[in-house]
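Encoded as structure tokens, the structure appears first; notes follow it.
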Amino acid sequence: MIESLLVANRGEIARRIIRTAKRLGVRAVAVHSEADADLPFVVEADEAVCVGPANPAQSYRNVEAILAAAESTGAQAVHPGYGFLSENADFARTVQARGLVWVGPGADAITAMGDKINARNLMAAAGVPVAPGTTEPATDLDAAVAAATEIGYPVMVKAAAGGGGMGMAVAADEAALRTEYDKVRAFAERMFGDGSVLIERYFPRVRHVEVQILGLADGRVVALGERECSVQRRNQKLVEESPSPAVSPELRARFLAAAVRAGEAVGYRNAGTVECLLDPATQEFFFLEMNTRLQVEHPVTELVYGVDLVEEQLRVAAGLPPTFDPDALTPRGHAIELRINAEDPKRFLPGPGVIGTWVEPTGEGVRVDSGYVAGNTVTPFYDSLLAKLVVTGADRAEAIERARTAVADFAVAGPKNNLPFFAELLTNDEFVSGDYDTGIVGRMR
């Protein structure tokens, strides 16, 4: 097993990784910005190094500062968490070139999946269903219009290098496409340094379902069930659950088989997620993208399958076998995750501030992965995620009931937060029925 680990991230996920590292006897090193010096992940690490000011470009995306911290602390390996440098192939290569262990998939897999058009083409060649769309970038507006005419409106206009729901727009007709194409292209150039645009069929009523995969050290790729991620605002997930209430045993078998093929197609190692769109009317699903990292929502899979995915990541990186039998994975019960964000519960606008009260719920089937405690300041420099409230039950009905109680017991004062939204969602007839889609939040507003 790896003996010392530098966590190249912050907040909730850094704290989460450090917790597993310490349980395994692995020395945990944190890096942090000046703005995060007092956060729990810094305090709980065995050693912590300040790598720069609040601006992420000067701290959490500062490759040389992070690698200098690894060298000065004697860290053996680097875990990137999610966001920041986690899907940066150049960073992965540089980590390994410096003689460190990279806790993630290979740089070639990150590169292959980082471009949505290339990823679509690879998946289609591997027999994974893809939605009708362009096989090459729409290099100008005329090409985009021609592609949309062939595909059929409405279409989704996507940044080919985008991710996390960013750089996307829907065009219902040619007039809308002419407006949205330039917006998406400009956004893509500004955010990702790549203005390539993909045109793809848009499905008005669709569910977002993803599969957790793990590429093992021996070369096998295994799938650890699916997660339902259809409760979203602005293409950003708010709630995840496993198993999906929309997926039958027959459909699940198809999902998992396709996800394994996707991983095998790029020689995948370590944890990753194959994201798909599911048409509930036809039960057809289409590849959306592959996230070459640990997902925010990984706890629901951990609780349903009884595994620690961070531990499995470390074991793969160290060349060790998994703690579980890949041929005997058995899901148990139901898990739901709520992303508690520092944002207005109605308009979902960020609401940073000093946390005056922070009381986490407890009880059977309740887990809280948090990044803050009372007295901490939620700054405007980073993602608004405060904590992940994860509940389990013998079935979905019990999980929902426990979630209602946990939301009511979660006390946060200071920054704005979306706990009131979840109180509303958990009594919403559409959500409770399980028959919902990615438009549910819009229908609630």
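Checking each residue in region 280-316 for being polar (S, T, N, Q) and touching a residue at least 12 places away in the same chain (Cβ under 8 Å) picks out 283, 291, 292, 295, 301, 313. If a residue has to be of a type in the set (Gly, Ala, Ser) and part of a helix (DSSP H, G or I) to count, how many in region 355-409 make the cut? Qualifying residue count, region 355-409: 5. Checked against (1) in contact with an Asp or Glu (Cβ under 9 Å, 6 or more places away or on another chain); (2) farther than 14 Å from residue 77 by Cβ; (3) buried (at least 16 other Cβ atoms within 10 Å of the Cβ), residue 33 passes all but a single condition, namely (1).
Could you say whether any residue in region 254-274 is surrounded by fewer than 19 Cβ atoms within 10 Å (Cβ to Cβ) and either part of a loop (DSSP other than H, G, I, E, B) or aliphatic (A, V, I, L, M) (or both)? Yes, the conditions are met somewhere in region 254-274.
Look at region 260-279: where a residue is within 19 Å of residue 438 (Cα to Cα) and a partner is modelled with pLDDT under 95 and small (Gly, Ala, Ser), sitting 6+ places away or on another chain with Cβ atoms under 8 Å, you get 277/131.
Looking only at region 85-132, residues that are aliphatic (A, V, I, L, M), at pLDDT 95 or above, under 19 Å from residue 276 (Cα atoms) and part of a loop (DSSP other than H, G, I, E, B) come to 2 in all. Against the definition (of a type in the set (Asp, Glu), in a strand (DSSP E or B) and under 17 Å from residue 336 (Cα atoms)), how does residue 228 come out, yes or no? It is true that residue 228 is of a type in the set (Asp, Glu), in a strand (DSSP E or B) and under 17 Å from residue 336 (Cα atoms). Screening region 335-384 for residues that are surrounded by 22 or more Cβ atoms within 10 Å (Cβ to Cβ) and among the aliphatic types (A, V, I, L, M) and picking the one that is farthest from residue 34 (Cα to Cα) gives 335.
The set of residues in region 410-439 that are of a type in the set (A, V, I, L, M) and assigned to a helix (DSSP H, G or I) comprises 419, 423, 425, 432.
Of everything in region 128-152 that's free of Cβ contacts under 8 Å to residues at least 40 places away in the same chain and not β-branched (Val, Ile, Thr), which residue is farthest from residue 187 (Cα to Cα)? Ranking the candidates gives 150 first.
Screening region 317-332 for residues that are touching a residue at least 60 places away in the same chain (Cβ under 8 Å) and either within 29 Å of residue 76 (Cα to Cα) or over 22 Å from the mean Cα position of the chain (by Cα) (or both) and picking the one that is surrounded by the most Cβ atoms within 10 Å (Cβ to Cβ) gives 317.
Checking each residue in region 243-277 for being farther than 24 Å from residue 384 by Cα, out of contact with any Gly (no Cβ under 6 Å at 6 or more places or on another chain) and of a type in the set (Ser, Thr, Tyr) picks out 244, 248.
Among the residues of region 268-327, the one identified as touching a helix residue (DSSP H, G or I) at 6+ places or on another chain (Cβ under 6 Å), under 19 Å from residue 24 (Cβ atoms) and of a type in the set (S, T, N, Q) is 270.
The values are calculated or read from the model by the stated rules, or taken from the named source; none is laboratory data. Please read all numbers here as calculations on a predicted model, not as lab measurements. Please note: Cβ atoms are built from the backbone with ideal geometry, for glycine as well, and neighbour counts cover all protein chains shown.
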